[in-house]
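Have a look at the structure below, then the notes.
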Amino acid sequence: MLIKNGNVIIFEADDVKVKKVDIKIKDNIIEKIAEDIKPEENEEVIDATNKVVMPGLINTHAHIAMSIFRGTFEGCDLYTWLNQKIWPIEAKLTKEEVYNASRLSILEMISTGTTCVNDHYFFSEEIRKALTESKMRAVITRVLMDNDGKEASENRINEFINLYETRDKDNKLITYSVAPHGLYTCSGEVLAKARELAIKYNLPVHIHFLESINEVEDIKNLHGIRASEVLKKYFDGIHTILAHGVKLDDEDIEILKTMDCGISHNPLSNLRLGCKIADTTKYKQNGINVALGTDGQGSGNNLDMFEAMKMAALIQGGIHENEERLGSKDAIKMATINGAKLLGLEDKIGSIEEGKDADIIIVDIEPNLTNIKLIPNKDIISNLVYNTDGKNVETTIINGEVLMEKRKFKYLQPEKIIEKFIAF
Ligand SMILES: [Zn+2]
């Protein structure tokens, strides 16, 4: 397959550039990137004239089945939202609901350009089934916690082990993480178990970390030391994905710098739950990898990573004046290569580079009425972040397979997925 005539987003050293090059994909791999590649006989050619061709977006923190909570419970803080709104409903969810909700989210992701998602949920077999059928790339898990007793906790651990042990070893698109819910919902016993599983199976850890102000004291009360010290105690030497990281002070940053970890920044969810703004500019200046996530739709509204990019870039202007702060180029890297690094997948995905797996999206920037916000298009990168959204994504390719072309899906039937939620 050949993608011709596109404006291709390429990372060079620290910079983000737009180049007029063609991309040749053989099997599932990006084989060649060069100017004016001639198609072979019978080769499939995608004409990307007036399009942006960019790495597939990587959502580093989501709860796939939470599409059922979209638009609910506005105005709560995190603890009220979890304890009084979300957890009581989640306790009654059925496998079928999780499967259908996951399919709705997968449709949302593929149609808005996300090619890889890092999930954090339960009923994980249903989620895996929905992902596998859709040929979506994902990191999945079974969330662990023990704030509701020992027996429930042990069941969760066993469910995780069963999920991992029953994996299809030939399916390279689905990988796994060990996921304690958070340091305020897990005792030292569960965290030690999570460490043991991460080492045994050689998996990263994926955990909510300092999302809200209440956690700072609660974690200290539960574990006797500050949150970042708890993190270091249990996960030092293990690659750790920290969801949120809003409430880090300078001491926390110094501790995180000594660890193999990075942050999944979820700006929309943080604002909706009144968690304030993570200082990602400062984290970057301190050499901490910051990637991007949406969280579940119950708090983050949607899984559109273009909205997350726009918000991640703009929101820094809410806490930094007249100084160097993250901008549109940073946002693109956060949604792609930084995400791949955070998930430990940078050898395979995150950039358009020869030898990497072909996870690529094509974004419509044609100068017409639909794209009036993009005219004149003097700065493609700026326009991409501030003036497009997921609806501009025309084609989504995962692992060399075109899953959506000109907004028509290869495997998913949108009407069938959507109809389950019309009278929901
Ligand atoms: Zn979350």
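The values are calculated or read from the model by the stated rules, or taken from the named source; none is laboratory data. Keep in mind the model is a prediction, meaning the values are calculated, not measured. Please note: Cβ atoms are built from the backbone with ideal geometry, for glycine as well, and neighbour counts cover all protein chains shown. Side chains included, ligands, DNA and RNA excluded: accessible areas come from the protein's heavy atoms. Shrake-Rupley method; radii C 1.70, N 1.55, O 1.52, S 1.80 Å.
Hey, which of these cross-link pairs are over 22 Å Cα-Cα: 26/129; 310/373; 284/329; 95/129; 232/310?
The pairs that break the limit, which is 22 Å between Cα atoms, are 26/129; 232/310.
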Taking the mean number of other Cβ atoms within 10 Å as a proxy for protection, how do you rank 122-133, 264-275, 41-52 from highest to lowest?
264-275, 122-133, 41-52
With θ set to phi - 60°, apply the Karplus curve 6.51 cos²θ - 1.76 cosθ + 1.60 along the range 185-191 and write out the HN-Hα couplings as whole Hz, x wherever there is a Gly or Pro.
10, 10, 6, x, 4, 5, 5
Sticking with the crude label model, points 7 Å out along Cα→Cβ, report the distance from residue 418 to residue 129 in nm, one decimal please.
2.5
Under-5 Å amide H pairs with residue 289, H placed in peptide plane, nonlocal only:
263
Surface per residue (accessible, 1.4 Å probe) for the chain, Å²:
42
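Given the -39500 (n - 2.57) contribution per DSSP H run of 4+ residues, what per-residue ellipticity at 222 nm results for the chain, rounded to the nearest 500 deg cm²/dmol?
Calculated at 222 nm, the ellipticity per residue is -9500 deg cm²/dmol.
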In whole Hz, the Karplus estimates of ³J(HN,Hα) for the range 236-246 (6.51, -1.76, 1.60; θ = phi - 60°; x where Gly or Pro) are 4, x, 10, 5, 10, 9, 9, 7, 5, x, 7
Rolling a 1.4 angstrom probe over the protein chains, ignoring ligands and nucleic acids, what is the accessible area of residue 11 in square angstrom, nearest 10?
40
In the range 222-313, if the dipole is taken from +1 on Lys/Arg beta carbons and -1 on Asp/Glu beta carbons about the Cα centre, which of 306, 290, 241 is farthest to the positive end?
306
Taking placed amide H atoms and a strict 5 Å upper bound, the residues 5 or more places from residue 6 or on another chain that come that close are 21, 48
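How high is the FRET efficiency between residue 370 and residue 150 when r is their beta carbon distance and R₀ equals 60 Å, given to the nearest 0.05?
E between residue 370 and residue 150, to the nearest 0.05, is 0.60.
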Given backbone amide H placed at 1.01 Å from N, residues whose amide H is under 5 Å from that of residue 241, ignoring those fewer than 5 places away on the same chain, are 205, 206, 207
Take residue 15 and residue 324, extend 7 Å from each Cα along the Cα→Cβ direction, and tell me the distance between the two endpoints in nm.
1.6
Just to make sure I understand: if all protein chains stay in place, what is the order of 201, 283, 386 by accessible area at 1.4 Å, largest first?
386, 201, 283
Under a point-charge model restricted to the Cβ atoms of Lys and Arg (+1) and Asp and Glu (-1), what is the dipole moment magnitude of the chain relative to its Cα centre, in debye to the nearest 20?
420
Cut-off 15 Å, label point 7 angstrom out along Cα-to-Cβ of residue 214: give me the residues of the range 176-199 whose amide nitrogen falls inside.
182-186
Of the accessible area of the chain, with the probe set at 1.4 angstrom, what percent is carbon plus sulfur?
48
State the extension gain, in nm to one decimal, for the chain segment bounded by residue 401 and residue 201, taking 0.36 nm per residue of separation less the distance between their alpha-carbons.
69.1 nm
Residue-by-residue Karplus 3J(HN,Hα) for the range 136-148, coefficients 6.51, -1.76, 1.60, Hz, glycine and proline x:
8, 8, 7, 10, 10, 6, 10, 5, 10, 6, 9, 6, 10
